[in-house]
Amino acid sequence: MQKGKSLATFLQETTSPDLSRMLLSIAESTKALSHAVRNIGMLNLSGSTGETNVQGETVQKLDDFSNNIIMDLCKASGVCAGYLSEENEDMVTLSPEGRFIVSVDPLDGSANIDIAAPVGTIFSIIPRVTAPGPVTHADFLQQGDKVIAAGYAIYGSSTILVFSTGEGLHMFSLNSDDNHYYKTHTHVSIPSNGKIYSLNQGNLSKFETVSQQFIEWCIAHDKPTSRPYSLRYIGAMVADMHRTFIKGGVFLYPAAIGEKKGKLRLLYECIPMAYLTEQAGGRAINGSQRILEIMPTELHERCAIIIGCRDMVGKYMEFAGAEVNA
Ligand code: P6P
């Protein structure tokens, strides 16, 4: 296949110098992570550090390594004022004069590493709202509609960088020969409907009634609407969402007993994926509200999410009786 435009050239032609610099720094970090993920044994990065992160999870060596790589490259960019990560309890000031706030899940789905299944990096970029100097909560706790760029890298059978700066969804593949990203898809649009639903069905009995009704609907026999749909679940949001962009479908991590706001994190999982999904013509809600309209109140707050094809999310909304203007 003819190599597409390089990431550097594409950004130079379409994006401001500052934002290009920010995105190229993140892209460089994903190259290092792609290499680390594929050489974990040789680099002695398997196993845990023995510490526990803000989520109460045991920190894997690779989680720590990933977080440090991304944070260092964001700092080196000189344009990143503040950094928030699933691995850091609090926000971090990097370049006090910088324009951007970056929220990151450095290694989404890291439990998949042990079984050589896909993992990834998810990020969102918003402009700081306070004067130069140490970043504040106000800089991070902004609605998703303020996002100016977001994306993810998936480290799967190939490494693909997917991002948007507000002008559609673009995909770049990492060429292992020269370690550069080359465009493979531009203005990707998610199919309006699909035949795949994606969630941890083991939680079914804990879900709220509306989610149980929607799942029952997905698996009911109805030839005219190609049901029952297929269940696909990889256990890494980045991989389940990448499939959704390519093949269509709906991904759900809804509210459940004991997880009133779901499991996934608003700032560095749900908002970036919701931004990308809307750029591709899909929808993303928390069950009653558009994800990008939610006003965050805590750095690591969780958020229920139903995201993907317009018509499939619309069907969920019918069960929810939601008038979501998503
Ligand atoms: P469960 C990975 O830990 C993650 O944050 C997402 O990437 C993924 O979609 C979800 O949690 C998987 O959660 O409860 O099904 O293992």
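The values are calculated or read from the model by the stated rules, or taken from the named source; none is laboratory data. Small disclaimer: the values here were computed from a predicted structure and weren't measured. Quick reminder, even Gly has a Cβ in these numbers, built from the backbone with ideal geometry, and neighbours come from all protein chains shown. Calculation scope for accessible area: heavy atoms of the full protein, side chains included, ligands and nucleic acids excluded. Shrake-Rupley method; radii C 1.70, N 1.55, O 1.52, S 1.80 Å.
Annotations for the structure displayed:
- Considering the conditions (1) open to solvent by less than 50 Å² (accessible area, probe 1.4 Å); (2) farther than 25 Å from SER66 by Cβ, ASN112 is excluded by exactly one of them, (2).
- If you filter segment 83-108 down to residues that are at pLDDT 95 or above and assigned to a loop (DSSP other than H, G, I, E, B), you find that the one that is nearest to ILE70 (Cα to Cα) is LEU94.
- Residues located in segment 192-216, provided they are open to solvent by less than 50 Å² (accessible area, probe 1.4 Å) and away from the ligand (no atom under 16 Å from the Cβ): GLY194, VAL210, PHE214
- Some residue of segment 194-217 being under 28 Å from THR15 (Cβ atoms), modelled with pLDDT of 95 or more and basic (Lys, Arg): no
- Of the strands (runs of 3 or more DSSP E) entirely within segment 193-300, those holding at least 2 residues that are over 19 Å from ILE154 (Cβ atoms) occupy 283-285.
- Of all the residues in segment 68-91, those that are acidic (Asp, Glu), over 17 Å from THR136 (Cα atoms) and surrounded by fewer than 17 Cβ atoms within 10 Å (Cβ to Cβ) number 1.
- Options MET91, MET71; residue that is in contact with a Leu (Cβ under 7 Å, 6 or more places away or on another chain) and more than 16 Å from the ligand (Cβ to nearest atom): MET91
- Residue within segment 234-257 that is under 22 Å from SER288 (Cβ atoms), within 16 Å of the ligand (Cβ to nearest atom) and loosely packed, with under 15 Cβ neighbours inside 10 Å present: yes
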